[in-house]
Amino acid sequence: MRTTLNRLSAPARWLRDRTAQGRRNGDDRGDISITTVIIWVAAVAGALAIAGTIAAVLTKYNGLITGI
């Protein structure tokens, strides 16, 4: 449990420190390019399509693959 908490606290600490550093420096790093948004939307849509296809195939052939 302690190891898990340490692993989870490290990214949280980094994020907190990075946010504080940006506020101190006055950096505006909130810009997300349209290309990044398109890539993320395509990746999520692709993952959902793959998951849906797998679910449909498993539903269709559920009786045939019970012995696997």
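Here are the numbers for this structure:
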read-out: Filter result (of a type in the set (Val, Ile, Thr), surrounded by fewer than 10 Cβ atoms within 10 Å (Cβ to Cβ) and at pLDDT 70 or above) within segment 1-33; value: Ile32
read-out: Given (1) surrounded by 10 or more Cβ atoms within 10 Å (Cβ to Cβ); (2) at pLDDT below 85, index of the condition Gly46 fails; value: (2)
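The values are calculated or read from the model by the stated rules, or taken from the named source; none is laboratory data. On a predicted model such as this, the values are computed, not experimentally measured, just so you know. Quick reminder, even Gly has a Cβ in these numbers, built from the backbone with ideal geometry, and neighbours come from all protein chains shown.
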